[in-house]
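Peer 1: Dropping the structure in here first, questions after.
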Amino acid sequence: MKDKGRQTKGDSVRQKDQEAKLAATYAIRDGDVLIVVDVQNDFCPGGALAVPRGDEIVPVVNRLAENFRNVVLTQDWHPVGHLSFASAHAGRSPYDTIAMPYGPQVLWPDHCVQNTAGAAFHSDLQIPHAGLILRKGLDRTIDSYSALYENDRTTATGLTGYLRERGITRIFLAGLALDFCVRYSAEDAVREGFAVVVIEDACHGIDVQGSIAATRSSLAALRVAAIGAAEIAVTRAA
Ligand SMILES: [Zn+2]
């Protein structure tokens, strides 16, 4: 009975250690930001470039955002005839890859054209306290997956400066699509010296030519934490 009692106590201590570890890692602080990437109609079912089940993340993202004082929303926001559209290249089809001056570019169906319904946020996305809406992909000649840099990875969107001036040191990422705009944002954020956490069940991928697997290995190599939304909620409740 004695041994059993000790064992139970040990389990309890280990459980507390585990809770403390989670709390230390994912307790949300003022220096954290949640970046919600491209939760727009065109990336949801029924949209021009739908991410399968993309709309399922919306309630998860809404709940997550309640934990963060700092929230940034990004919006893919292209002019008509953007060069990431297959329709802008004679003889090309969506999902072809072409060489652009800044590197390979996947061609997409026309999507998120400025001021269209497709470019609007999903109507169930409710984050009234978001402090910044960052639009990207405005230059017709270059795509911008990442929230921090255009696809040449040298032209800044200005988000890094905004975050630094506000004392942000850690970035949590959610949104669409995991294997393009979330991935590029995570990679650039690591490069800029931020701690980066991807909330996996608050993201969905589109998976072009193995892009989800490539994303997972890239983010693992960069030591980007991949967590579930519940790990943040549990921490706050503890
Ligand atoms: Zn786009």
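Peer 1: Residues with amide H under 5 Å of Ala130's amide H, sequence separation 5 or more or different chain, H placed in the peptide plane at 1.01 Å from N; which?
Peer 2: Long-range HN contacts for Ala130: none found.
Peer 1: What stretch of the chain, leaving out the sites themselves, is the longest with no trypsin sites (Lys or Arg not before Pro) in a DSSP loop having at most 15 other Cβ atoms within 10 Å?
Peer 2: It runs 167-222.
Peer 1: Name the residue, out of Leu176, Leu138, Leu222, whose mean-square fluctuation peaks in a Gaussian network model built on the chain with Cα pairs under 10 Å.
Peer 2: Result for the chain, Cα springs under 10 Å: Leu222 fluctuates most.
Peer 1: Given 4 °C and 1.567 mPa s, compute D for region 71-181 with the Stokes-Einstein relation, Rh being the Kirkwood radius over Cα pairs; round to the nearest whole µm²/s.
Peer 2: 86 µm²/s
Peer 1: Using the 2.2 N^0.38 Å rule of thumb for compact globular proteins, work out how region 122-162 stacks up: its C-alpha Rg over that value, please.
Peer 2: That works out to 1.36 for region 122-162.
Peer 1: Moving on. Hey, what number do you get for the chain at 222 nm if only DSSP H runs of n ≥ 4 count, each worth -39500 (n - 2.57), divided across all residues, to the nearest 500?
Peer 2: Result for the chain: -9000 deg cm²/dmol, rounded to the nearest 500.
Peer 1: Okay, next question. Which value, in nm² and rounded to one decimal, describes the direction-averaged projected area of the C-alpha convex hull of region 157-197?
Peer 2: Hull-based average projected area comes out at 2.8 nm².
Peer 1: For the chain, modelled as a GNM with alpha-carbon contacts under 10 angstrom, which of Ile98, Ile142, Ile206 fluctuates the most?
Peer 2: Of Ile98, Ile142, Ile206, the most mobile in the Gaussian network model is Ile98.
Peer 1: Another question, if that's okay. Report the antiparallel proportion of the DSSP beta bridges in the chain as a percent, rounded to a multiple of 5.
Peer 2: 20 percent
Peer 1: Choose one answer from Ala50, Ala202, Ala220: the residue with the largest mean-square fluctuation in a GNM of the chain with alpha-carbon springs under 10 Å.
Peer 2: Ala220
Peer 1: Still on this structure: In whole angstrom, and with the biggest value first, how far do the Cα coordinates of the chain range along each principal axis?
Peer 2: Here the Cα extents, ordered largest to smallest, are 79, 35, 33 Å.
Bear in mind that the values in this text are calculations on the coordinates, not laboratory data. Since this is a predicted model, take the numbers as computed values, not measurements. Methodologically, a virtual Cβ is constructed for each residue, glycine included, from the backbone with ideal geometry; neighbour enumeration extends over all protein chains shown.
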